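This report refers to the structure that appears directly beneath it.
The values are calculated or read from the model by the stated rules, or taken from the named source; none is laboratory data. Note that the coordinates shown come from a computational prediction; the quantities given were computed from them, not determined experimentally. Every residue, glycine as well, gets a Cβ built from its backbone with ideal geometry; the counts of neighbours run over all protein chains shown.
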Amino acid sequence: MSARRPVEPVQVIKQRRDAVLRAMVDGVPYIQFLGIQFERRGDELTAVLPYKEELIGNPLLPALHGGATAAFLEVTAIMTLNWRIIWEDMESGALDGADTDPEMLPRLPKTIDFTVDYLRSGLPRDAYARARINRSGRRYASVHVEGWQDNRARLYAQATGHFLMPTRDK
Amino acid sequence: MADKNTAAHRFIDALPHARALGMHVETMHDGEVSLSMPYADHLVGDPRTGVVHGGAVSALMDTCCGAAVMTPPKNTGSTATIDLRIEYLRAATPGQTIIAKASCYHVTRSVAFVRATAMDADEDNPVAMATGTFTVEGKA
């Protein structure tokens, strides 16, 4: 049995988690382009898509572009899956938040298919999304994502996707 | 023909998100639409490979399918996506323009059914396939 690790101060743990999360998100140009941010409560992630004019698809209504919504939900699904993969390495200390070189992070899961269900038109306001990993095996994962705006209970879009998991140990 | 093309270009230019992604109308007639999206650094989803993010391909597919619903002879006044499913067959080759071709193959009074394919320079091996359903509006 390995010796018990000394208990780390809560700030050290939080800083490491936030640094790794930032490295994971900042490394993807398309996430930066859309302006998606991630908020963290323990291991739970909430994606936030702050409103900007570039996201509009129907200028008359106006409504968010269906493609922007699809991309937002897909980014949320991939990052939530990736976060689950990274979490274990991070908690063991194998991944250090101090020098989070994107090259140190595991490869991203690849989308096999993604189906978006548009429930309401997206309003010109901030949008939020959370993903639930329904199944995550060695090779495949199935993820469901919920997107909402003003009211958590009134989803404006939801999606299901299947993903190919990255192979471990490069 | 020139007029039609101008109208088609105006259609894309009126969509801020399509403009932000650099989309261009290639062809647009008879319920068939072809849109191109040149490779750009800000579309990258995996910095280690330089491959375009699936979300950008989704946005291109969604725009292309929506345009196919709105183009003559179906010619609905406006449309919204009900459902869109995308299959990612392979990674798009970094540096290459992605071209989507959508066909609106059936329209009822309230629903339009669309299929689309996305390709890069290797036209024999599609990058992604999509099937979608869209609302039919302004056709009462």
Problem - Residue among B:His42, B:His17 that is within 18 Å of A:Gln32 (Cβ to Cβ), part of a helix (DSSP H, G or I) and touching an Asp or Glu at 6+ places or on another chain (Cβ under 9 Å) - result: B:His17
Exercise for the section: With the checklist (1) within 12 Å of chain A (Cβ to nearest Cβ); (2) among the hydrophobic types (A, V, I, L, M, F, W, C); (3) crowded, with 24+ Cβ neighbours inside 10 Å in hand, flag the one item B:Val44 doesn't pass. Expected result: (3)
Fill in the blank from the handout: By residue number, the members of the stretch B:16-36 that are crowded, with 21+ Cβ neighbours inside 10 Å and either of a type in the set (Asp, Glu) or touching a Gly at 6+ places or on another chain (Cβ under 6 Å) (or both) are B:His17
Fill in the blank from the handout: Subset of the stretch A:25-46, residues surrounded by 16 or more Cβ atoms within 10 Å (Cβ to Cβ) and either facing chain B (nearest Cβ under 7 Å) or within 24 Å of B:Gly22 (Cβ to Cβ) (or both), comes to A:Val25, A:Gly27, A:Val28, A:Pro29, A:Tyr30, A:Ile31, A:Phe33, A:Leu34, A:Ile36
Exercise for the section: Go through (1) more than 14 Å from every other protein chain (Cβ to nearest Cβ); (2) among the polar types (S, T, N, Q); (3) in contact with a Ser or Thr (Cβ under 9 Å, 6 or more places away or on another chain) one by one and return the number of the condition A:Thr80 breaks. Expected result: (3)
Handout entry: Residue list for the stretch B:31-54, restricted to those being at positive phi and more than 15 Å from the chain's Cα centre (by Cα)
Key = B:Gly50
Problem - All positions within the stretch A:29-87 that are farther than 28 Å from B:Ala14 by Cα and among the basic types (Lys, Arg) - result: A:Arg40, A:Arg41, A:Arg84
Exercise for the section: Of the numbered conditions (1) more than 9 Å from chain B (Cβ to nearest Cβ); (2) surrounded by fewer than 16 Cβ atoms within 10 Å (Cβ to Cβ); (3) more than 18 Å from the chain's Cα centre (by Cα); (4) touching a residue at least 24 places away in the same chain (Cβ under 8 Å), A:Asp126 fails exactly one; give the number of that condition. Expected result: (3)
Practice task
Output the residues belonging to the stretch A:93-124 that are at pLDDT 70 or above, more than 20 Å from A:Asp150 (Cα to Cα) and touching a Pro at 6+ places or on another chain (Cβ under 7 Å).
Solution key: A:Pro106, A:Arg107, A:Leu108, A:Pro109
Fill in the blank from the handout: Of the listed residues (A:Lys14, A:Lys52), the one being more than 14 Å from every other protein chain (Cβ to nearest Cβ), surrounded by fewer than 21 Cβ atoms within 10 Å (Cβ to Cβ), farther than 23 Å from A:Ser142 by Cα and of a type in the set (D, E, K, R) is A:Lys14
Completion exercise
With the first residue restricted to the stretch B:42-56 and required to be under 14 Å from A:Met24 (Cβ atoms), and the second required to be surrounded by fewer than 17 Cβ atoms within 10 Å (Cβ to Cβ), Cβ contacts under 8 Å at 6 or more apart or on different chains are B:Asp46/A:Arg107; B:Pro47/A:Pro102; B:Arg48/A:Pro102; B:Arg48/A:Glu103; B:Arg48/A:Arg107
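Limited to the stretch B:51-76, what total is found for residues that are facing another protein chain (nearest Cβ under 10 Å) and either surrounded by fewer than 24 Cβ atoms within 10 Å (Cβ to Cβ) or polar (S, T, N, Q) (or both)?
We begin by selecting, within the stretch B:51-76, every residue facing another protein chain (nearest Cβ under 10 Å); these are B:51-66.
Checking which are either surrounded by fewer than 24 Cβ atoms within 10 Å (Cβ to Cβ) or polar (S, T, N, Q) (or both) leaves us with B:51, B:58, B:63.
The total comes to 3.
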Problem - Residue in the stretch A:61-77 that is farthest from the chain's Cα centre (by Cα), counting only those that are over 17 Å from A:His162 (Cα atoms) and either of a type in the set (Ser, Thr, Tyr) or more than 7 Å from every other protein chain (Cβ to nearest Cβ) (or both) - result: A:Leu61
